[in-house]
Amino acid sequence: MQWLEIIELRSAEKDKKNLEAQIEKILCEVEPEFRDGKIRSYRRVLIETDFSIHLFHETENMESNGSEIGLRLVALLRDFGLVNHTIWTETSY
């Protein structure tokens, strides 16, 4: 089963380079533990302190509250601003 966690961060941080570096450091630390998929990070085009981290999972069971790594990322990113965490499942069309 394929499913997706989206973690959105809206930060009030003024130094976008420092914020981006800290997010990159956090993702590099958790990535080796993430074996069931891939991690992608995006920055919003017009609001440079908005980030979206996508955790792509391919597992037999979906974790409806989020994966252990996803929940850890949410906790770490809360230090930087407002965080929204959603879980999505792939549809067939």
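Could you say which residue among Ile39, Ile69, Ile7 is free of Cβ contacts under 8 Å to residues at least 24 places away in the same chain, in contact with a helix residue (DSSP H, G or I) (Cβ under 6 Å, 6 or more places away or on another chain), of a type in the set (Val, Ile, Thr) and not in a loop (DSSP other than H, G, I, E, B)? Show your work before the answer.
Working: Ile69 fails: free of Cβ contacts under 8 Å to residues at least 24 places away in the same chain; Ile7 fails: free of Cβ contacts under 8 Å to residues at least 24 places away in the same chain.
Only one candidate passes the filter, namely Ile39.
Applying the selection to region 72-87, what residues are over 9 Å from the mean Cα position of the chain (by Cα) and farther than 18 Å from Glu20 by Cβ?
Arg72, Ala75, Asn84, Thr86, Ile87
I'm trying to understand the selection: among the residues of region 10-32, which are in contact (Cβ under 8 Å) with a residue 12 or more places away in the chain, more than 17 Å from Thr86 (Cα to Cα) and surrounded by 11 or more Cβ atoms within 10 Å (Cβ to Cβ)?
Ser11, Glu13, Lys16, Leu19, Glu20, Gln22, Ile23, Glu24, Ile26, Leu27, Val30, listed by residue number.
Suppose the filter is modelled with pLDDT under 95, under 12 Å from Glu8 (Cα atoms) and among the charged types (D, E, K, R); does Arg35 pass it? I'd like the intermediate steps shown before the answer.
Working: modelled with pLDDT under 95: yes; under 12 Å from Glu8 (Cα atoms): no; among the charged types (D, E, K, R): yes.
No; evaluated as a whole, the condition is false for this residue.
Does region 45-93 hold any residues that are touching a His at 6+ places or on another chain (Cβ under 9 Å) and of a type in the set (Asp, Glu), and which are they?
Listed by number, the list holds a single entry, Glu63.
For region 50-71, give me the residue count where each residue is surrounded by 13 or more Cβ atoms within 10 Å (Cβ to Cβ) and within 14 Å of the chain's Cα centre (by Cα).
13
So, in region 79-93, exactly how many residues are in contact with a strand residue (DSSP E or B) (Cβ under 9 Å, 6 or more places away or on another chain) and not in a loop (DSSP other than H, G, I, E, B)? Full working, then the answer.
At the first step, the residues of region 79-93 found to be in contact with a strand residue (DSSP E or B) (Cβ under 9 Å, 6 or more places away or on another chain) are 80-90.
From what's left, not in a loop (DSSP other than H, G, I, E, B): 80-89.
Selection size over region 79-93: 10.
Do you know which residues across region 50-77 are of a type in the set (D, E, K, R) and closer than 15 Å to Lys25 by Cα? Lay out the reasoning, then the answer.
So the first thing to find is which residues in region 50-77 are of a type in the set (D, E, K, R), and the list is 50, 58, 60, 63, 68, 72.
Arg72 - this is the single residue of region 50-77 that is of a type in the set (D, E, K, R) and closer than 15 Å to Lys25 by Cα.
The values are calculated or read from the model by the stated rules, or taken from the named source; none is laboratory data. All figures in this text were calculated on a predicted structure; none of them were measured in a lab. Don't worry about glycine lacking a Cβ; one is built from the backbone with ideal geometry, like all the others, and counts go over all protein chains shown.
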